[in-house]
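Trainee: Dumping the structure here so I can ask a few things about it.
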């Protein structure tokens, strides 16, 4: 026999270190003798560093006794010299004591005479196998800061789960998850998540782990946290939520993950800005584009100045962002709490290159439609882009030509407008003038070099439009300008010609099958085609 007492559950004693608390661990001693009581004495080699209670005693056969080992933290440090393991040694003396009286354990602690373990007449067993392991918040915090994966796992496994070691914080109140995120250590985060920490625990600044990861642009960590059901909402103490931090920081991967997990695209920050507000403020165009594609509302006003995203980007002078917002339907006429539109904000900061997109372009098209040449000249002098397009893709020349405003057409051409500019369907100003039957405008356009053979996206020429409407005079003008007749204009099946909508309502032509046009009376056909969505939109401009 080489041992009278066994150590349970193992010879490793975990001592929990916590600043401001007594630091101790427990070990259970079991008498392995079936019939004999055993006396023990447990002593640290460094007696100033540890206190053992009880230090000695008598254990009845096959029974156990729990011993508490207290560690005394040095005054100059709250961490041991080495951790989590240390080299401090303990000696466990044990001896069989036949006939020894077993009293209440509380009355026998530290009452065994020392000579029981020193007399040569008795066989005394000495066991030096007991080892100390330090656990606790400062230990884990330091190990995470060091990135010691194996030791972190060992400490977490050896710690009492009742005090939730994965929720430990450092001396500054920083959680282990936040510390791992700060180091960009996705492997550490994954390890900690195995031990079920509070995934919404806030840092000393009030941010959740997901908010911290989103702010740092840590896509893999964000994915891990979301997989463990981290909330995508802004935490109570945070100013910005995860989606705001990702958008403002330009972290596209993180933003995409959050949106896929159902993050509220229009959720406000504490001061009432949306993710779109922040994206345009920081000039994060890709993020703004993703937010808008995900359903972000462009016209939400913040709670401060009542600014929309368009107000903010107008103040920044970001022309590309302004155009993006307008393409996505942003309302340029909304006024903030100071009564200013986005144009007013751009003017206040002197961003003249935005004037056309925010107001002058629309005004130029309106002036062209009305034939107000003086207004056209004034707007162009003030910075309106002569080849700018309205929200339907028409230039001022399209508008003036369609309405037959020949003086406006002449003024625009003299100012250098692109006479062959096309809209989104490939229509030039010449197509528009032919549609609406304005021969004088057509003659001027042809004289100024308009391409008489230009075709729409569906292959329709101005000549085809004129012939389909029986505009003989216009047909002659086009032929004199170099236009040629093709097989489609001469009739026959299988071709494509434009079937005109009622021009009195200012609607635009669309193409249809020749056969269909022949089968239906003109008036009836026009009535059916008056429901054409895009033409209806253009009719009111």
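Trainee: Spot the failing condition for residue 392; the list is (1) surrounded by fewer than 20 Cβ atoms within 10 Å (Cβ to Cβ); (2) over 39 Å from the mean Cα position of the chain (by Cα), and only one is missed.
Mentor: Tallying (1) surrounded by fewer than 20 Cβ atoms within 10 Å (Cβ to Cβ); (2) over 39 Å from the mean Cα position of the chain (by Cα), residue 392 fails exactly one: (2).
Trainee: Also, quick follow-up: So in region 264-297, with the set limited to residues that are within 11 Å of the chain's Cα centre (by Cα) and either surrounded by fewer than 23 Cβ atoms within 10 Å (Cβ to Cβ) or outside the structural domain of residue 311 (by TED's automatic domain parsing) (or both), which one is farthest from residue 208 (Cα to Cα)?
Mentor: Among them, the one singled out is 290.
Trainee: Additional query: Checking the structure you have, find out if any residue of region 378-398 is at pLDDT below 95, over 27 Å from residue 324 (Cα atoms) and in contact with a helix residue (DSSP H, G or I) (Cβ under 8 Å, 6 or more places away or on another chain).
Mentor: Scanning region 378-398, I find no residue that is at pLDDT below 95, over 27 Å from residue 324 (Cα atoms) and in contact with a helix residue (DSSP H, G or I) (Cβ under 8 Å, 6 or more places away or on another chain), so the answer is no.
Trainee: Right, next: Is there a residue being in contact (Cβ under 8 Å) with a residue 24 or more places away in the chain, surrounded by 19 or more Cβ atoms within 10 Å (Cβ to Cβ) and within 30 Å of residue 91 (Cα to Cα) anywhere in region 174-189?
Mentor: No: region 174-189 contains no residue that is in contact (Cβ under 8 Å) with a residue 24 or more places away in the chain, surrounded by 19 or more Cβ atoms within 10 Å (Cβ to Cβ) and within 30 Å of residue 91 (Cα to Cα).
Trainee: Among the residues of region 353-385, which ones are surrounded by 22 or more Cβ atoms within 10 Å (Cβ to Cβ) and under 13 Å from residue 410 (Cα atoms)?
Mentor: The answer is 368, 376.
Trainee: For region 197-207, indicate whether the set of residues that are at pLDDT below 95, in a strand (DSSP E or B), in contact with a helix residue (DSSP H, G or I) (Cβ under 7 Å, 6 or more places away or on another chain) and surrounded by 15 or more Cβ atoms within 10 Å (Cβ to Cβ) is non-empty.
Mentor: No: zero hits.
The values are calculated or read from the model by the stated rules, or taken from the named source; none is laboratory data. What you see is a predicted model, and the numbers here were worked out from it, not measured in a lab. Note that each Cβ is placed from the backbone with ideal geometry, even for glycine, and that neighbours are counted across all protein chains shown.
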